[in-house]
1. Could you go through segment 82-90 and let me know if any residue there is touching a residue at least 60 places away in the same chain (Cβ under 8 Å), touching a Leu at 6+ places or on another chain (Cβ under 9 Å), among the charged types (D, E, K, R) and at negative phi.
2. Quick check: is even one residue across segment 141-153 acidic (Asp, Glu), buried (at least 20 other Cβ atoms within 10 Å of the Cβ) and at pLDDT 95 or above?
3. List the number of the failed condition for Ala128; all other conditions in (1) small (Gly, Ala, Ser); (2) without any contact (Cβ under 8 Å) to a residue 60 or more places away in the chain; (3) assigned to a loop (DSSP other than H, G, I, E, B) hold.
4. From the list Arg384, Arg449, Arg405, which residue is surrounded by fewer than 18 Cβ atoms within 10 Å (Cβ to Cβ) and under 26 Å from the mean Cα position of the chain (by Cα)?
5. Residues being touching a Leu at 6+ places or on another chain (Cβ under 6 Å) and without any contact (Cβ under 8 Å) to a residue 12 or more places away in the chain: count how many of those fall in segment 279-304.
6. Return the residue satisfying two criteria in turn: it lies in segment 247-276 and is over 22 Å from Gly339 (Cβ atoms), in contact (Cβ under 8 Å) with a residue 40 or more places away in the chain and outside any loop (DSSP other than H, G, I, E, B), and of such residues it is nearest to the chain's Cα centre (by Cα).
7. Working carefully through the options Glu166, Glu107, Glu161, find the one that is in contact (Cβ under 8 Å) with a residue 60 or more places away in the chain and over 30 Å from Leu42 (Cα atoms).
8. Tell me which residues, restricted to segment 359-401, are touching a helix residue (DSSP H, G or I) at 6+ places or on another chain (Cβ under 8 Å), of a type in the set (D, E, K, R) and part of a loop (DSSP other than H, G, I, E, B).
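The values are calculated or read from the model by the stated rules, or taken from the named source; none is laboratory data. As the structure is a prediction and not an experimental result, all values here were calculated from the model. Neighbour counts are summed over all protein chains in view; Cβ atoms, including those assigned to glycine, are modelled from backbone coordinates with ideal geometry.
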Amino acid sequence: MPVWNQANVNHLLARTLFGFSAKDSQQAMGYGNYPDLVNKALLSDIPLPSAPNPWVNATPVQAQQDDGSAGNWYRELTYWWYNRMLGEGLNMREKMVLFFHNHFSNERDKVTYPQHMYQQNQLFRKYAFGNFKQLVKDVTIDPSMLIYLDGNNSRGSNANENYAREIMELFTLGIGNYTETDIKQAAKVFSGWQVKGLVSAFDSTRWYTEATVTVFTKAAKFKYDTLIDWIFEQKAAAEFICRKLYQEFVYYKPNEAFVLQMADVFRKNNFEIKPLLSFLFTSDEFYKASIQGSKIKNPTELMVGSAKLLQIKATDTVNLYELSKTLQMQLFQPPNVAGWPGQREWISSTTYSHRGGFTDSLITGKRYNGVAVTGKLDTLPFARSFATSEKAVEFVDELTALALRFPLSDVRKKFLLDTMLDGTTIMNWNTYVLSADTRINKFLKTLMRLPEYQLC
């Protein structure tokens, strides 16, 4: 069992949540051990959230496109999801929803009705800690997926291969674990499903007519769900999703020996996600020093996490939405079927500058382009919520330890301290000195613009 201490707990929270506040960290420490924190908080089952608006139950019609309603609803849906992330507490369900959103990638430009994407988003929430095999079955006939990968118009006599290819390549097995013949045969099995309003329906007249098809050397009259059962009989299935989970939550270069351990746990638990995540987050592997501070925050983690760190009371979701496009992570609009590539792709000379502009906006109340935003740092109450606020060195150290997972050099720490003191002495520092709020703001802006702040 890994050592229980503040640094390790903060590492766990940084990887499993969209950031955390000092209060969140203190609450987590109150659990006293990793199994309780993981199983009683992070992986606890909670009710599904209420819908953003009754429009989610409206039958999709062309008029919603013509009058702009669909676009407005997509925006509202995105705001709603951001609020779920901001209010996640110590539960990592929303992190898993985003993981599945990227894994089973769908784009709003093609899935034009937000009702369908909302349903899929709730499906990911339902199975966040549930059975992965059943999730794949439900995703297969999900209206959003049927539209996105062209299953909606697939007939057994002329089967569209898009979903059959992606379920094997991107969703369950990975390249090298299937043949082109497997794809062609599986495509017939997945035919026959159509989107009817808000739901999907099976039309047997559009299904394949052969007595059997052969997939992975097995000949059978497969239905879509029995074929998925057969896919999960392949050794590569458990290893593939475990490798992706490792890359998401641990390190982008997987430890293949540990991935095999994860896969063994996954199979023994009949592809249930919760025991797999519990195993991962209580393992020594997850807390290795070389792992901590090694992941580049995606834009959603950066934006939501920064608001939570600063204890912003009314985060401007419009600001999040607009900056997400600039930072190249607009929710419900991944770049392609493979999803966002992540890690080093998140940082460029352009996006790095905009990342800093966003964190500045939380402190100044203005975006980098001068547009005012609602919800900004209440500087002095925030600072005074820390017991060390009247001791300059200790305050800088505490904020730095809370905000960063990558260790700072002594030179870097002194730079931050000098930035906050801004000419006054350590002995004369307190939050009641002239312009203390300005000095603290300057320190926080500098801290959140550091390269180290981009890591978790």
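1. Yes.
2. Yes.
3. Here Ala128 clears every test but (2).
4. Of Arg384, Arg449, Arg405, the one residue that is surrounded by fewer than 18 Cβ atoms within 10 Å (Cβ to Cβ) and under 26 Å from the mean Cα position of the chain (by Cα) is Arg449.
5. Selection size over segment 279-304: 0.
6. It comes out as Lys274.
7. Only one candidate passes the filter, namely Glu166.
8. Arg367, Lys376
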